[in-house]
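A short write-up of the structure that comes next.
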Amino acid sequence: MKSHLPIRLLSMLAALLCLLPIAVLAHHFKGLPHYNYFENYPEIPEEEFLGQVGDYEVSLVVYDFQGIQRGKVDDPDMVRLFLVIFNLRNNDIYGGPLTLEVLDKGEVVHSERHKSSELENLYSMHQELPDTGDYSLRLTLHSVDDLQCVIPFQLSSQKIHWGKWVAAVLLLLIIVAAIGARKARVTMDRKEEAGRRKEKLEESS
C-alpha cells in the first residue's frame, strides 16, 4: 500500500502543474481581444484588476515600467491605465462620460474627466506613479446617476508573483516524493532479498 502513495502524489502534483499556467497567466477584457499597446516593449509587465458595481463589471489593465531595468527607460515612473466597463445586464460596453481618479491611501493624487470612451471603447490614463504608493482607481459613471466604483491596484514591483513560488514548491514536492518512492522501493527490495535468503537457509537446513 505504501509503495503506491508516492505514485499517486506524483500524479496529483503533475496535474496541478499542468493547471498552474492557466490560473496564473489567464486574463482578458470580457468580450474583447487581448491588447498589446506597446509592441516595442514586450517585456513590460501588465496586470489586470477587476471590480463590479451595480450591473457593471470593470476591467482595469495596468502597464508600467517598474518591473524592468528602470535606468533604460526615459520615464520609469510612468504608468498606463486602460479601462473597459461592461454592462452585464445589457451585454454591452459603457462608453459615456466618466471621471477617473487615482487614489493614494484614499487621497486623490490625479483626476481626469472623459467625455466618452476612446478607440475600441477604452478609457485610458497616463500618469507618473512611484512604486511607494498604496493605489486605487475610483471611477464615476456620469450617465448612470454618478455611480462609483473603487478598484485597488498594484504596480508590478509591489506584487508578489505567486505563480513562480507555487511552481517551485510543487517541483520541490515532486522531488521529495520521488526520493521517498525510491527509498520505499529500496526498502522493499531489501525485505524481499532478506526473505529469499531466509528461505534458502531454511531449505538448506
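Computed from the coordinates by the stated procedures, all read-outs in this text should not be read as laboratory data. For clarity, every value in this text was computed on a predicted model and none was experimentally measured. We place every Cβ from the backbone using ideal geometry, glycine too, and count neighbours over all the protein chains shown.
See the values below:
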item: Calculated FRET value between S143 and L172, using beta carbons and R₀ = 45 Å, to 0.05; result: 0.30
item: Cα-projected label distance for D189 with E57, points at 7 Å along beta-carbon direction, nm; result: 5.4
item: For the stretch 114-203, Kirkwood radius (reciprocal of mean inverse C-alpha pair distance, Å); result: 20.1
item: Modelled label reach - E112, point 7 Å along Cα→Cβ, the stretch 128-143 residues with backbone N closer than 14 Å; result: 128-129, 137-140
item: Spin-label model distance (nm) - N90 vs Q127, 7 Å beyond Cα toward Cβ; result: 2.7
